[in-house]
Amino acid sequence: MRDVIVISGLTGSGKSDLAIALARCERIDCAWLPREVVMALERLPVEIRNRPGEIVNADMTQLYDELRILTAFPSESDFAMAPHHLFGILSPDHSTSAAEWLQMAVEKISEIHQRGFIPIVCGGTSFYIDALIDGLAEIPVIPDDFRSEISMQLHTMGRQAFFEQLQRFDPELGRILHPNDTQRILRASEVVQFTGIPLSQWWKKRTSSDFVFHHICIIPQRAVLRERCRLRLERMLDRGVLAEVKEFISYYPQYNGPLKKVIGFNEALEVLKGEISIDEFLEKTLTRTMQYAKRQSTWCRNKWGFKASSPSKI
């Protein structure tokens, strides 16, 4: 069987640390993990748990080589501890998709199997994980002029009314998406209005792969996660995240690509412009991070059936 370990979960929850420990067949310190994750690890077959692994990135922001501090890119010591794939492979002006990532990921997974190792797909981009596990439907190509019409519809109606319209067109997907997730709301609206079939129904037509997935999803308690994310932001500041964003903008002064959506990017620009203080940067970025984590948690619960659990006693 072509086994694949998948580690998903909330931002800042420790996915990368767990992936490296699994790849190295190391004993895992379970004190920081939710009990359900510990139980999932215990259910892994011994032959999988004891086989060295290679890590495949499933985080959209880490596909890019720029803004390594802001995107919590693996360190050089992380790379030295286990083979890593699909990190830093795209230029900052390249807009990727779940379909493009899936093609690259499947190729890497197959290569890892051929070498006799266990692929460990790790990341928090839910659409990537979903595409890997459940496949992608062959949705008809939507013409650019029609997509422009839907974008204009959003502009005319306003974000909230446009989202409520999608909830009527596609109630199942409307329960998962957040009203501020403009890109995915636009995509879902394009599909249902062009094809007459909700995107959630297209997903049910997807073809499956011959991989056997062992999915582990890390959803810590909110207070635990907030503290982890706060410490991570403080480390980013210590490592020079503001200087990193300043240098990036010096190379791309009119940048409007995918990395602009990284949490903390706009807040860092506000600090550099003197509009907010360092303390305000921390609070604003932490608030946005926790809002994003809440959306991730909703997806994990509604799409995959995972939920938060108390810390392990092990």
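The values are calculated or read from the model by the stated rules, or taken from the named source; none is laboratory data. Because the structure is a prediction, the values reported are computed rather than measured. Cβ: placed from backbone, ideal geometry, glycine included. Neighbour counts: every protein chain shown. What goes into the accessible areas is simple: the full protein's heavy atoms, side chains included, and nothing from ligands, DNA or RNA. Shrake-Rupley method; radii C 1.70, N 1.55, O 1.52, S 1.80 Å.
With semi-axes √(5λ) of the Cα gyration tensor in Å defined as stated, name the option among (1) 35, 25, 18; (2) 30, 27, 20; (3) 42, 21, 19 computed from the structure displayed.
Structure-derived value, by its label: (2).
Once the whole set of protein chains is in place, how much accessible area is left on Lys15, using a 1.4 Å probe, in Å² to the nearest 10?
Lys15 exposes around 20 Å² with every protein chain in place.
Whole-Hz Karplus ³J(HN,Hα) for region 78-89, in order, using 6.51 cos²θ - 1.76 cosθ + 1.60 and θ = phi - 60°, x for Gly and Pro?
Taking θ as phi minus 60°, the curve returns 4, 4, 6, 7, 7, x, 10, 10, 6, 10, x, 9 Hz for region 78-89.
Need the full-extension length gain, Val212 to Asn266, defined as separation in residues times 0.36 nm minus the C-alpha distance. One decimal, nm.
Net length gain for the segment: 15.5 nm.
Give me a comma-separated list of calculated 3J(HN,Hα) values for region 109-117, in order, Karplus coefficients 6.51, -1.76, 1.60 applied at θ = phi - 60°, integers in Hz, x for any Gly or Pro.
In residue order, the calculated couplings are 4, 5, 4, 5, 4, 4, 7, x, 9 Hz.
What figure, in Å² to the nearest 10, do you get for the accessible area of Glu283 with a 1.4 Å probe and non-protein molecules left out?
About 100 Å², rounded to the nearest 10.
Ordering Asp170, Asp59 by accessible area with a probe of 1.4 Å, largest first, what comes out?
Largest to smallest exposure gives the sequence Asp59, Asp170.
Subtract the Cα-Cα distance of Ala31 and Glu107 from 0.36 nm times their separation in residues, and report this length gain in nm to one decimal.
23.9 nm
What residues have an amide H closer than 5 Å to that of Ile7, excluding those fewer than 5 places away on the same chain, when H is modeled at 1.01 Å from N in the peptide plane?
Distant-sequence amide H within range of Ile7: Val121, Cys122, Gly123, Ile216.
Residue-wise, which Karplus ³J(HN,Hα) couplings in Hz belong to region 36-48, taking 6.51 cos²θ - 1.76 cosθ + 1.60, θ = phi - 60°, and x for glycine or proline?
So the Karplus estimates, Gly and Pro as x, are 5, 5, 4, 5, 5, 5, 5, 7, 4, x, 4, 5, 7 Hz.
What length, rounded to one decimal in nm, is gained on full extension from Arg232 through to Gln153, with 0.36 nm per residue of separation minus their alpha-carbon distance?
Contour length minus Cα-Cα distance gives 24.5 nm.
When all protein chains stay in place, what accessible area (Å², nearest 10, 1.4 Å probe) is found for Ser91?
60
At a Förster distance of 45 Å, what's the computed FRET efficiency of Asp65 paired with Thr298, Cβ-Cβ distance as r, to 0.05?
0.90
Between Asp181 and Gln114, with labels modelled 7 Å along Cα→Cβ, what's the label distance in nm to one decimal, could you check?
3.5
Quick check on packing: order 188-195, 97-104 by the mean number of other C-beta atoms within 10 Å, highest mean leading.
188-195, 97-104
5 Å is the cut-off here: which amide hydrogens, built 1.01 Å from N in the peptide plane, fall below it relative to Ile276, excluding neighbours closer than 5 in sequence?
Here the answer is Val271, since their amide H atoms fall under 5 Å of that of Ile276.
Using heavy-atom solvent-accessible surface (probe 1.4 Å) with all chains present, what is the largest-first order of Tyr252, Tyr128?
Highest to lowest solvent-accessible surface, that is Tyr252, Tyr128.
Would you tally the net charge around Ile276, using a Cβ to Cβ cut-off of less than 14 Å, leaving Ile276 out, and scoring K and R as +1, D and E as -1?
Neighbourhood net charge equals -3.
For q values of 0.23 Å⁻¹, compute log₁₀ I(q)/I(0) with the Debye formula on a Cα-only model of region 83-212, without solvent.
The Debye formula, applied to the Cα set alone, gives -1.42.
List the pairs from Lys108/Lys294; Lys205/Lys294; Lys108/Lys260; Lys108/Lys246; Lys15/Lys294; Lys273/Lys294 whose alpha-carbon separation is above 24 Å, in the order I gave them.
Pairs exceeding the cut-off: Lys108/Lys294; Lys205/Lys294; Lys108/Lys260; Lys108/Lys246; Lys273/Lys294.
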